[in-house]
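Novice: To start, I am sharing the structure in question, which I have written as structure tokens.
The values are calculated or read from the model by the stated rules, or taken from the named source; none is laboratory data. Computed from a predicted structure; not experimentally measured. Neighbour counts run over all protein chains shown; Cβ positions are idealised from the backbone, glycine included.
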Amino acid sequence: MPLYIVHCLDRKDALAKRKQHYEEHRAYVGTASAKRITVIMSGPLVHENNDSAGSCYLMEAPDIATVKAFNAGDPFSVNGVFDAVQIHQYLRRAP
């Protein structure tokens, strides 16, 4: 299956919302396999001062539509944590 990078940047004022919806977000990411997605890696993006800047995921899925639909249902997306989301197919070239 193809790989996808999901690159999400937080709104400038999103820290309180991120904290408020974090547990719901983590539980949602845990449902990925039921939606035919394998989360290979995921984690927060941080500024130099370690404040949250966004999220990044490497996912394996049947197609980009599946990844887009999954991201659209993420509590961080639903509750306005993210300012911008980019999803790209990733072509792995090296181990």
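Novice: Which pairs have Cβ atoms under 6 Å, sit 6 or more apart or on different chains, and link a residue in the stretch 13-30 that is farther than 13 Å from G73 by Cβ to one that is modelled with pLDDT of 95 or more and in a loop (DSSP other than H, G, I, E, B)?
Specialist: Note: pairs meeting the criteria are A14/V81; K17/N79; K17/V81; R18/V81.
Novice: Given (1) in contact (Cβ under 8 Å) with a residue 40 or more places away in the chain; (2) surrounded by 10 or more Cβ atoms within 10 Å (Cβ to Cβ), identify the lone condition not met by R92.
Specialist: All conditions are met except number (2).
Novice: Condition (residue is in contact with a Cys (Cβ under 8 Å, 6 or more places away or on another chain), closer than 16 Å to V81 by Cα and in a strand (DSSP E or B)) applied to the stretch 10-28: is it met by at least one residue?
Specialist: No, the stretch 10-28 has no match at all.
Novice: Further question: May I ask you to list the residues in the stretch 61-95 that are closer than 18 Å to K35 by Cα and among the aliphatic types (A, V, I, L, M)?
Specialist: Correct list: A61, I64, A65, V67, A69, A72, V78, I87.
Novice: Separate question: Could you please give the count of residues in the stretch 64-78 that are surrounded by 13 or more Cβ atoms within 10 Å (Cβ to Cβ) and either farther than 15 Å from V29 by Cα or in contact with a Leu (Cβ under 9 Å, 6 or more places away or on another chain) (or both)?
Specialist: Qualifying residue count for the region: 1.
Novice: What's the total number of residues in the stretch 1-55 that are over 11 Å from the mean Cα position of the chain (by Cα) and exposed (fewer than 11 other Cβ atoms within 10 Å of the Cβ)?
Specialist: Residues that pass the stated criteria total 13.
Novice: Working only within the stretch 57-68, note down all residues that are of a type in the set (A, V, I, L, M, F, W, C) and either farther than 13 Å from Y90 by Cα or over 12 Å from the mean Cα position of the chain (by Cα) (or both).
Specialist: Passing the criteria: A61, I64, A65.
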